[in-house]
Amino acid sequence: KPTVAIVGRPNVGKSTIFNRIVGERISIVEDTSGVTRDRIYADAEWLGRDFALIDTGGITLEDEPLNVQIRQQAQIAIEEADVIIMITSVKEGVTYEDQQVAPILFKSGKPVILAVNKADNPELRNDIFEFYSLGLGDPFPISGSHGLGLGDVLDEALKYFPEDSEDEYDDSTIKFSVIGRPNVGKSSLVNAIIGEERVIVSNIAGTTREAVDTHFQTKAGRDFVVIDTAGMRKKGKVYESTEKYSVLRALRAIDRSDVVLCVINAEEGIREQDKRVFGYAHEAGKGIILVVNKWDAIEKETNTMKEFELDVREGFQYLSYAPIVFVSALTKKRLHLLPERIEEVFMNRHLRIQSSILNDVVMDAVATNPTPTDKGRRLKIFYTTQVSVSPPTFVIFVNDPELLHFSYARFLENRFRDTFNFSGTPIRIIPRKRK
Ligand code: GDP
């Protein structure tokens, strides 16, 4: 997915513009499982092209002076983005910070679009000429609060989007990423998994970004790619200095993955921060495996594993479909299970169910648990069909979508899960009014 980054000094209106471009999407995503997403990264769309939008202004380095922060944000934009939108403000004119950032962006060779915000009226739009002095070409007058001029900026950005070659790998190659807080053992896991297998082409460099993927093949002949191995392993300056940035990096890796290994450190148990990033993988419809690492370091009694498993289930209720694997990157115990599990989840995420079978399952379900009623009206289900895979998505044609309450949708989901092997994959059920 092409990536657009917004940079600019504080108070030029970056978040307003971010929200304008992203529209309603963020809040919709947040609703479903109470998982809050950072407002620095979101999916957006313009003229039918999907892209990712980053507000680098949300990535701050505490205790650093402003000019250092702004430089870091520019650096992150250069690393992550295909197109950069630099935002300035006509109210304040060209500032010292603008003059600092512009040449850094220019020298990167990345396409930069200069947007001059707060140009709310024609008079102000005439004042933008001084912005030519930044050397970034034509300034685009915009108004975030009035929603003016953003279309022109996005039209311009679109011109620089890479060709639609979303998938650099062929369809049978399984892309996975490994996420989790610092020190849970992500890089140890990746190294250990790769160490057991045959690395075919190591370290495929991403064309536009710093992402580095690792391609390997199992002895059974299955191709895998570890997405953004660099983001996991590189302990560079920017990576360590800001947690938000490592989260951002993880979100981007998730977007490119089929399956996500969500790693928990057995020694530390479950933390709030895990829930946020794992929740994103869930919302994004990715296959998920919960990996409990450092299991070697735990004193074990008869029920230790069972108890830990219960804690994980309790902590990640919305991931009840995800298998849990206990491993040790150190001793390599049960590590060989991971590629098998990843492959299984990948297959499940691509499962297609025939409509006739699906409708039998739904009819049986309705027979055992009648559809709900609301204000005297009963939900009627006419027909169910699977509209897509990855994740499996089902449209249910009904008399009134409002009547399909969350609990009944959950009930149907569970029946699907009892009947078919959807282990490790989210599934989506979308009610639609029959015409
Ligand atoms: P990352 O920040 O998530 O990539 O974590 P690292 O892979 O750098 O590991 C952090 C620390 O945990 C290192 O000191 C590792 O040696 C240690 N570690 C990783 N995996 C295991 C494991 O399975 N068992 C034990 N005991 N230590 C581990």
Looking at A322, A329 in this structure, which one is buried (at least 20 other Cβ atoms within 10 Å of the Cβ), within 16 Å of the ligand (Cβ to nearest atom), in a loop (DSSP other than H, G, I, E, B) and among the aliphatic types (A, V, I, L, M)? A329
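Here is a list: V94, V178. Which entry is assigned to a strand (DSSP E or B) and touching a residue at least 40 places away in the same chain (Cβ under 8 Å)? I'd like the intermediate steps shown before the answer.
On the way: V94 fails: assigned to a strand (DSSP E or B).
The conditions single out V178.
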What number goes with the only condition from (1) part of a helix (DSSP H, G or I); (2) without any contact (Cβ under 8 Å) to a residue 60 or more places away in the chain; (3) not assigned by TED's automatic domain parsing to the domain that holds N293 that F397 does not pass? (1)
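Quick grid of which residues meet (1) within 12 Å of the ligand (Cβ to nearest atom); (2) modelled with pLDDT of 80 or more:
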site	(1), (2)
G221	no, yes
V238	no, no
T242	no, no
A250	yes, yes
I254	no, yes
V259	no, yes
I264	yes, yes
R271	no, yes
Within segment 134-145, identify whether any single residue is of a type outside the set (D, E), part of a helix (DSSP H, G or I), more than 16 Å from the ligand (Cβ to nearest atom) and at pLDDT 90 or above, and answer yes or no. yes
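Quick check, is F416 in a strand (DSSP E or B) and aromatic (F, W, Y)?
So F416 fails the test.
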Name every residue in segment 172-187 that is within 25 Å of R349 (Cα to Cα) and within 20 Å of the chain's Cα centre (by Cα), in order of residue number. T173, I174, K175, F176, S177, V178, I179, G180, K186
Of the numbered conditions (1) under 25 Å from G195 (Cβ atoms); (2) part of a helix (DSSP H, G or I); (3) touching a residue at least 40 places away in the same chain (Cβ under 8 Å), E340 satisfies every one except a single condition; which is it? (3)
Does segment 417-430 include one or more residues that are over 25 Å from D255 (Cβ atoms) and modelled with pLDDT under 95? no
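Does at least one position in segment 363-385 carry a residue that is assigned to a helix (DSSP H, G or I), surrounded by 14 or more Cβ atoms within 10 Å (Cβ to Cβ) and of a type outside the set (S, T, Y)? Reasoning before the result, please.
As a first pass, look at segment 363-385 and keep what is assigned to a helix (DSSP H, G or I): 363-368.
Still in the running and surrounded by 14 or more Cβ atoms within 10 Å (Cβ to Cβ): 365-366.
Narrowing the set further to residues that are of a type outside the set (S, T, Y) leaves 365-366.
Within segment 363-385, one or more residues are assigned to a helix (DSSP H, G or I), surrounded by 14 or more Cβ atoms within 10 Å (Cβ to Cβ) and of a type outside the set (S, T, Y).
Name the single residue that is nearest to the chain's Cα centre (by Cα) among those in segment 351-404 being among the charged types (D, E, K, R) and over 16 Å from F416 (Cα atoms).
In the first step, residues of segment 351-404 are kept if they are among the charged types (D, E, K, R); the result is 352, 360, 364, 374-375, 377-378, 380, 400, 402.
Cutting the leftovers down to over 16 Å from F416 (Cα atoms) gives us 374-375, 377-378, 380, 400, 402.
Working: D374: 36, K375: 39, R377: 39, R378: 37, K380: 35, D400: 32, E402: 29 Å.
The selected residue is E402.
What are the residues in segment 285-311 that are under 21 Å from P182 (Cα atoms) and either of a type in the set (V, I, T) or crowded, with 22+ Cβ neighbours inside 10 Å (or both), if any? Show your work before the answer.
Residues of segment 285-311 under 21 Å from P182 (Cα atoms): 288-298, 308, 311.
Answer for segment 285-311, where residues must be under 21 Å from P182 (Cα atoms) and either of a type in the set (V, I, T) or crowded, with 22+ Cβ neighbours inside 10 Å (or both): I288, I289, L290, V291, V292, N293, K294, W295, I298.
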Answer yes or no as to whether K107 is more than 21 Å from A52 (Cβ to Cβ) and either touching a residue at least 60 places away in the same chain (Cβ under 8 Å) or surrounded by fewer than 12 Cβ atoms within 10 Å (Cβ to Cβ) (or both). yes
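Hey, can you tell me all the residues within segment 12-32 that are surrounded by 14 or more Cβ atoms within 10 Å (Cβ to Cβ) and either at pLDDT 85 or above or of a type in the set (S, T, Y) (or both)? Break it down into steps so the answer makes sense when it comes.
First, the residues of segment 12-32 that are surrounded by 14 or more Cβ atoms within 10 Å (Cβ to Cβ): 12-22, 25-26, 29-30.
The answer is V12, G13, K14, S15, T16, I17, F18, N19, R20, I21, V22.
The values are calculated or read from the model by the stated rules, or taken from the named source; none is laboratory data. Values in this document were obtained by computation on a predicted structure and should not be read as measured data. Every residue, glycine among them, receives a Cβ derived from its backbone with ideal geometry; neighbour counts consider all protein chains shown.
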